[in-house]
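Novice: Before I ask anything, here is the structure I am working with.
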Amino acid sequence: RTAMTTQDARPIKIEVKNLTKRFGDLLVLDDMNFTIRKGEFLAIVGPTGCGKTTFLNCLSKLMPTSEGDIYKHNISFVFQEPTCFPWRTVRENVAYGMEIKRWDKKLIEGKLDAILPLVGLADTAELYPNQVSASMVQRIAVARAFAVEPDLLMMDEPYGQLDIKLRFYLEDELVKLWKALGSTVLFVTHNIEEAVYVAERILVLTNKPTNIKKEIVVDLPRPRDTVSDDFIRIRKQVTELIRWW
């Protein structure tokens, strides 16, 4: 199909070879191999307790691997629990990563002017985190991570705590941001519908010891229609893969 060809034409940005992680005698990640292409939106799903967090921690180098190589460098991370500095305004929070990287002040200002409207934070830019809603605090974390132009942006259940209507709205915003900035995104979620809604490709993980059970290409037009036959078919396919061991 055409989307597959387009996807394959993009250069490989991240390459993971033989990723293995043991805690003593317990094998958690079992010789995982995959690539992520430049500008790709990849989702990871799997059964509860399958080692998704260990996988992310190894990938981000927050945790050493037992064996294997990960070829990449500049990474941003958005956790389930958003982190904001209460003493900095929304705008200053989003700017934080760029300041740490010692970006030029003019460049930071330009980036803020471009990114804040994309995530619906332009009107609240001068407020403090305790003056905005929980969804806005999560938007701050997302905008801050995207702003530094990482090679790979890793998102661990970023909308897990929010209600379903709000999630769809924020997922649309996220896709808009990804398209506008051309970022490479690895999105981990327990929510299968969310994975099918946002991703170009889904890696389904097995139970522990974790490996990649199957790769599903999500070749659907955007914005995605969650009640279309194709959407439901892919969602069912992923659900079955997680359900049957």
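The values are calculated or read from the model by the stated rules, or taken from the named source; none is laboratory data. Please read all numbers here as calculations on a predicted model, not as lab measurements. We place every Cβ from the backbone using ideal geometry, glycine too, and count neighbours over all the protein chains shown. For accessibility, only protein heavy atoms count, side chains too; no ligands or nucleic acids. Shrake-Rupley method; radii C 1.70, N 1.55, O 1.52, S 1.80 Å.
Novice: Using C-alpha positions alone, give me the convex hull volume of the chain per residue in cubic angstrom.
Specialist: 134
Novice: In the stretch 77-129, which GluC sites (Glu not before Pro) fall in coil by DSSP and have 11 or fewer other Cβ atoms within 10 Å? Mind showing how you got there, number by number?
Specialist: Values: sites: E92, E99, E109, E126; in loops: E126.
Sites meeting the loop and neighbour criteria: E126.
Novice: Run the numbers on the chain and let me know its relative contact order in percent, using alpha-carbon pairs under 8 Å that are six or more apart.
Specialist: 27
Novice: Report relative contact order for the stretch 70-150 in percent, whole number only (criteria: Cα-Cα under 8 Å, sequence separation at least 6).
Specialist: That works out to 50 percent.
Novice: As I understand it, the dipole of the chain uses +1 on the Cβ of Lys and Arg and -1 on the Cβ of Asp and Glu, about the Cα centre. Which of F34, G51, L112 lies farthest toward its positive end?
Specialist: Farthest towards the positive pole: F34.
Novice: For a quick protection proxy, order the peptides 204-210, 165-171, 226-232 by their average other-Cβ count within 10 Å, most packed first.
Specialist: Details: 204-210: 19.6, 165-171: 16.6, 226-232: 11.9.
Ranking the peptides 204-210, 165-171, 226-232 by packing returns 204-210, 165-171, 226-232.
Novice: A further question follows. If amide H atoms are built 1.01 Å from N in the plane of the peptide, which residues on other chains or at least 5 residues away come under 5 Å of the amide H of K213?
Specialist: Amide H neighbours of K213: V204, L205, T206.
Novice: Oh, and also: Pairs to check: K17/K176; K176/K208; K13/K105; K214/K236; K61/K176; K38/K236. Give those whose C-alpha atoms are more than 24 Å from each other in this structure.
Specialist: K17/K176; K176/K208; K13/K105; K61/K176; K38/K236
Novice: Check K13: other-chain or 5+ apart residues with amide H under 5 Å from its amide H, H built from backbone geometry?
Specialist: Distant-sequence amide H within range of K13: I36, R37, K38.
Novice: Given a 1.4 Å probe and heavy atoms of the protein chains only, how would you sort I234, I12, largest accessible area at the top?
Specialist: Sorted by accessible area, descending: I12, I234.
Novice: Okay, moving on. ³J(HN,Hα) across the stretch 116-122 via Karplus (A = 6.51, B = -1.76, C = 1.60, θ = phi - 60°), whole Hz, x for Gly/Pro?
Specialist: 4, x, 5, 10, x, 10, 4
Novice: OK, next. Does the stretch 118-184 come out rounded, prolate or oblate, given a ≥ b ≥ c as the square roots of the eigenvalues of its C-alpha gyration tensor, rounded meaning a/c under 1.5 and, failing that, prolate meaning a/b above b/c?
Specialist: Working: a/c = 1.69, a/b = 1.25, b/c = 1.34.
Oblate shape, in that a/c is at least 1.5 and b/c is the bigger or equal ratio.
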